[in-house]
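Visitor: This is the structure I want to talk about, given as structure tokens.
Where a number appears in this text, it was derived from the coordinates with a stated rule and is not lab data. Model, not experiment: these values are computed from the prediction. Don't worry about glycine lacking a Cβ; one is built from the backbone with ideal geometry, like all the others, and counts go over all protein chains shown.
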Amino acid sequence: MAEAIAKSAFTGKEHAHPAPSFALFNRPTTKTGLVGWLTTVDHKKIGMLYGGFAIFFFLVGGLEALMIRTQLIVPNNHFISARLYNELFTMHGTTMIFLAVMPLNAAFFNLLIPIQVGARDVAFPRLNSFSLWVWVVGAILLNVGWLSHFVPSWKFGGAPAMGWFGYAPLTSKTFTPELATDFWVLGLQVLGVSSIVASLNFIVTIINMRAPGLTMMRLPVFTWMALVTSFLLILALPAIAIALIEVMFDRNFGTNFFEVSGGGQPILWQHLFWVFGHPEVYILILPPMGYVSEILPTFARKPLFGYPIVVFSGVAIGFIGFGVWSHHMFTTGMGNVATAAFSLATMAIAVPTGVKVFNWIGTLWGGRIVTRVPMMFALGFIWMFMMGGLSGIMHSAAPADAQQQDSYFVIAHFHYVLIGGATFALLAAIHFWFPKFFGRMVPEFWGKVSFWIIFVGFNCTFFPMHFLGLNGMPRRTWTYDSNMGWNEGNLFASCGAYLLGIGIFTYFAVLVWSYFKGVKCGNDPWDARTLEWSIPSPPPEHNFAAIPTVHARDAWWYEKTHKDEIAKEKAEHIKAEESHGGIHMPDQSWYPLFAAMGLLIATFNFAQLRHPVMMLGNQVLGSHLPLALTGGVIFLSACYLWALEGPGGYHIHIDAEGKVTEARGDHH
Amino acid sequence: MSAPAITSADAGHHEPSKFHFYIQIAMILAVITGVEVVLVYLPIVKWFVVTALITLSTVKFMFVIFFFMHLRWDKVFCTILFFIGLILAGFTMFALLHLFGAEASKPLTAAALDFARLAVG
Amino acid sequence: MSSHAATGHIDHHHDSTTSTGIPNKKLLWWAFLASDCMFFGALISSHLVYRMNPPPGNAVPTQVFNIELTSFSTFILLMSSLLMALAVNAIQKGNVKSTRTMLLGTMFFGCIFLGGQVFEFTHFVQDKHMTLSNSIFGSTFFTLTGTHGTHVAIGVLLLGMMYVRTFKPAHGGSLLMNFLHLLAIAVAAGVAFIVFVPGLLEITEGASLGAMLSHDAKPLAVGVAALIALVWFARTGSADVEFGEKNAIDVEAIGLYWHFVDIVWIIIFTAVYLLEYL
């Protein structure tokens, strides 16, 4: 077991003299300031960066939604142009899914997983940093089109406007010739790379870096859900990667994948997109189910009911989720057999989902409910997510779906599961873990105020949409006539949207206030159950003074109730680690950032491949290819230097008073 | 550490060299490839050739992953991990082929062509 | 335990510092290959779906393909897999010289395969008039086999990087020499598969050697210069290198990638080429 704490011999650097370094840029050592953040490999800092960017884009997406709802508040409105409306609903969907919810989940994966498995960082720290900066590149590519509204000479044609799912043949050069579509294609491709790389890292971390005694069935449910989500990501993203390559080839190299005149079939895009797209929604919701599975036991003062079945249901949802994609295509004429098969599979997936809901209720039953803010959001999650699930089951019946498809009923359904479900759980999680990572509490009163405004605003916005949809209002329409019977519903929904906006603003304003002025707290303000609550708030860079040995599920709860046993173990582990040279920490690096920058240059120019390069009105180059290639060379060089740099690392020693000293230069 | 040709490390290696074993596997793979190519030209009923080709390819596939990629001697989790991806890909391909092969999914041009061929005789 | 300084023995099949005993890098690569299965699965599906109801005016594969060449390419790739397995075997025994030879051999066979692809693509476009854009078969075929070829090329690059890595001196060593060594490998490989191998294949199809030498004189000269540089680097490399049995995991990781590219080709050869002849 002491061996398990020692470094692996596989890094191969156990020599008396330091190995020669092929460093072009030395390993940065500063922990603060811009350089500290740009070159960080600390999973906690990376988590904060993901979270910060995600919250920014969450607010951007919310603004896009408010503009949509303002346009629809009265019939025949002209608040914005039809073209801008298309850009807004496209970007609202793309932003909320890829730039808000997914990176917020990534933030929690980064912040929590290493600590919950009892490790000091992820398996590949530089790769983790790479995922983050590549994600930023994707976010830039997706949003760069907005700039062309403000800078006329940048002829991108505005933001992408063909719907967040980019159906063919609308995405062909014939119908959307502007660069906006090319940036969307490349932006999503880059985001896919970021997610796959991050997921591979988390899979290896969760499976291979668990503390001694931490068997898979003792993992926190959140970590299990993160593992399933990571598997879903690496297995689903390739399908959309291929679809995006095909549409990019159609647009730029004249292929006929979705070009009917050349023998192609646009329906292939729909299939490949939804082969990714359906697992994607489980990717969005499984981590929130994980947060709720941690929060409910903490505030019901009881362990999670039916842990094995909750874990198994999560795995089942992930697995079955790969077999239901054509339920997004019931109205495309696939034939009776296909339609029936997917309808049945979709109904089947409701079973493990329902099982989870029952287990959450079982957790609450007989517990002593403490209605703190995270608990209120978690309880709201159970109810709202269930409502979204019920409208989802209505969709699974293909004949009913023939009426509901492409109407506001679908919008009601997925906002109930995505806001009522995913977002509520995320807001719960932010409140719950804020004290851990910032060391301060969020005031209860204002937290509850924000909860109620959000809860009421959300339901006022989206409940009417069920009826609007069943009464025939189609999705993605810029405006509607006043004699359709949709006026009151839309007015009510838009007012609800403004209220929801106020609620979200309140929530984040309170958080910002709390960051500066919140009451300081210790390591375990909620009297919680999992390992992250065993370390100081905010956590030190090395996470644990001593790697814990896990004896049971809810490892921290066991530690609190067996204090002497744990204290002896910790002393032993600290001695063992010191005898191996101290606590081993990963080195920071410039190369993940440089590689991402190379990727940005390469993709930004590749999107505009055939267009000439203009500078101040004059043509400088015939095409963007040389610039794209330059970006590619920078990317490859950075990756090569990254490999040559080697894993590196240094040691820290903690003395009896808890003071940390770094020891660099010694090999290990 | 210097680059030893074969060091005293040999004493620590308990397994015999797989060198000759790998050569044998490669020979089998080459022979199977040859058989596949010949099979296509033989005057045998189509369903048999298709089945044979798929079987032979599967055998080559398994040889490479279990022997060259070492799955046979590694921890079984590596095999499980890879087969998750493989089986899911296979299932997705199976579903897509059936979806596009359905009568309802035939593109109009192909249907028209079939009809024209039938009509002309 | 798993130190190698004293006993010289590394257990290449068990890493006791991880929860499963599987080294982290190995687990990462197997997970990545599972993902790559889905990637090629979607691409192969796209191709096969469009073979089900071919539209009028589509290219006819049996009139376009040269099955002898493709069979030869398949054999070549399988042999490259053998050499890769032998390279991993060699480094697990600490035999750096043998590892280098096997790595070079794998790269060489990889370049023959790529050269065959270049030759095949050129002929399909120029002689059979099948391009990316003038038929659906062309679109799916070139995208699928081109993506596979790109994977092979990336593999050759990774192998080249690993080959250069085996020369890292235990003392001193310069980044510039390392880059130049890699550049030499890249140039040699590039000339091999873009010019040399296709040229040789042309000769088997009846072109004259003289015509090839005069037509491709410049790139061939550059390639020869790169080869001479490689021989020079190999000869003058320090005998004392910072590379040995402890680096076996990295060679094994590249090996996994290379073998995967081979098994994808096994599927492509059957599904895209052979099944068309029935």
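Visitor: Across 5 Å bins from the origin, how do the percents of Cα pairs in region A:536-668 run, short distances first?
Guide: 2, 9, 12, 12, 11, 9, 8, 8, 7, 7, 6, 5, 4, 2, 1, 0
Visitor: Turning to a different aspect of this structure: Between beta-carbons, use under 13 Å as the cut-off and find the net charge around A:T363, counting Lys and Arg +1, Asp and Glu -1.
Guide: Computed value for this residue: +3.
Visitor: Can you give me the orientation-averaged projected area of the convex hull built on the Cα atoms of region C:24-277, in nm²?
Guide: Taking a quarter of the hull surface, the average projection is 14.8 nm².
Visitor: Here's a follow-up. Out of C:L78, B:F94, A:T332, whose Cα points farthest toward the positive end of the dipole of the protein assembly as shown (charges: +1 Lys, Arg; -1 Asp, Glu; placed on Cβ)?
Guide: The residue sitting most towards the positive pole is A:T332.
Visitor: So if I restrict to the alpha-carbon atoms in region C:122-220, what is the Rg, and what is Dmax, the biggest pairwise distance, in Å?
Guide: So, for region C:122-220, Rg and Dmax equal 18.1, 58 Å respectively.
Visitor: Now for a different question. Suppose only helical runs count, i.e. DSSP H with n ≥ 4. What mean residue ellipticity at 222 nm does that imply for the protein assembly as shown under -39500 (n - 2.57) per run, divided by all residues and rounded to the nearest 500 deg cm²/dmol?
Guide: -21500 deg cm²/dmol
Visitor: Taking the Cα centre of region A:28-544 as the origin and placing charges on Cβ (Lys, Arg +1; Asp, Glu -1), which of A:T171, A:G192, A:T353 is farthest toward the positive end of the dipole?
Guide: A:T353
Visitor: Could you pull out the GluC sites (Glu not before Pro) across region C:222-278 that fall in loop regions by DSSP (anything but H, G, I, E, B) with no more than 10 other Cβ atoms inside 10 Å?
Guide: Sparse-neighbourhood loop GluC sites (Glu not before Pro): none present.
Visitor: Apply the membrane-span-like helix rule to chain C: whole DSSP H runs, Cα extent along the own long axis of at least 27 Å, mean Kyte-Doolittle hydropathy at least -0.5. List the helices found.
Guide: Those that clear 27 Å and a mean of -0.5 are C:24-52, C:67-92, C:96-126, C:136-165, C:217-236, C:248-268.
Visitor: Are there chymotrypsin sites (Phe, Trp or Tyr not before Pro) in region A:88-169 that DSSP puts in a loop and that have at most 13 other Cβ atoms within 10 Å, and which ones?
Guide: Answer in residue order: A:F150.
Visitor: Size of the dipole of chain A about the Cα centre, Lys and Arg at +1 and Asp and Glu at -1 on the beta carbon, nothing else charged, in debye to 20?
Guide: Here chain A has a charge dipole of around 680 debye.
Visitor: Okay, next question. Greater than 19 Å separation of Cα atoms is the criterion. Which listed pairs, C:K26/C:K246; A:K44/C:K25; C:K97/C:K246; A:K520/A:K570, meet it?
Guide: Beyond 19 Å between Cα atoms: A:K44/C:K25; A:K520/A:K570.
Visitor: For region A:438-520, give the magnitude of the charge dipole about the Cα centre (Cβ charges: +1 Lys/Arg, -1 Asp/Glu; no others), in debye to the nearest 20.
Guide: Dipole size: approximately 460 debye.
Visitor: Let me ask something additional. Provide, as a two-decimal number, the C-alpha radius of gyration of region B:20-74 over 2.2 N^0.38 Å, N being how many residues it has.
Guide: Dividing the Cα radius of gyration by 2.2 N^0.38 Å gives 1.30.
Visitor: Which aspartates and glutamates does B:K18 reach when only Cα atoms under 15 Å apart count, and residues fewer than 8 places away in its own chain are ignored?
Guide: Reachable aspartates and glutamates: B:D10, B:D74, C:E252.
Visitor: So what is log10(I(q)/I(0)) for region A:276-399 at q = 0.09, 0.19, 0.22 1/Å, when the Debye sum runs over its Cα atoms only?
Guide: Result of the Debye calculation: -0.29, -1.00, -1.23.
Visitor: Once Lys and Arg get +1 and Asp and Glu get -1 on their Cβ, which of A:F635, C:T20, A:Q405 lies farthest toward the positive end of the dipole of the protein assembly as shown?
Guide: A:Q405
Visitor: Taking R0 as 45 Å, what FRET efficiency do you get between A:L38 and A:A348 from their Cβ-Cβ distance, rounded to the nearest 0.05?
Guide: Plugging the Cβ-Cβ distance into 1/(1 + (r/R0)^6) gives 0.45.
Visitor: Now for a separate question. Which value, in debye to the nearest 20, gives the size of the charge dipole of chain C about its Cα centre, when Lys and Arg are +1 and Asp and Glu are -1 at the Cβ?
Guide: Dipole about the Cα centre, nearest 20: 440 debye.
Visitor: In whole Å, what three semi-axes, largest first, describe the equivalent ellipsoid of region A:615-668 built from its Cα gyration tensor (square root of 5 times each eigenvalue)?
Guide: Three semi-axes, in Å: 48, 15, 6.
Visitor: DSSP loop (so not H, G, I, E, B), at most 10 other Cβ within 10 Å: list which chymotrypsin sites (Phe, Trp or Tyr not before Pro) in region C:1-95 pass both filters.
Guide: none
Visitor: Next question, about the same structure. Quick one: Kirkwood hydrodynamic radius for the protein assembly as shown, alpha-carbon pairs, angstrom, one decimal?
Guide: It is 30.9 Å.
Visitor: Can I ask one more? When a/c is below 1.5 the answer is rounded, else prolate if a/b is larger than b/c, else oblate, so apply that to region A:403-477 with a ≥ b ≥ c taken from the square roots of the Cα gyration tensor eigenvalues.
Guide: It is prolate, given that a/c is not under 1.5 and a/b is the larger ratio.
Visitor: Could you compute the net charge surrounding A:M225? Neighbours are other residues with a C-beta less than 12 Å from the C-beta of A:M225; K and R count +1, D and E count -1.
Guide: 0
Visitor: Sticking with this one: Can you work out the base-10 log of I(q)/I(0) for region C:202-278 at q = 0.25 1/Å, using the Debye formula on its C-alpha atoms alone?
Guide: -1.03
Visitor: Is any residue of region C:61-102 close enough, with backbone N under 13 Å, to a label point placed 7 angstrom from the Cα of C:A234 along the Cα-Cβ axis, and if so, which?
Guide: Taking a point 7 Å out along Cα→Cβ of C:A234, the residues of region C:61-102 whose backbone N falls under 13 Å are C:97-102.
Visitor: Over all alpha-carbon pairs in region A:28-544, figure out the percentage whose distance exceeds 45 Å.
Guide: Distances greater than 45 Å cover 10 percent of the Cα pairs.
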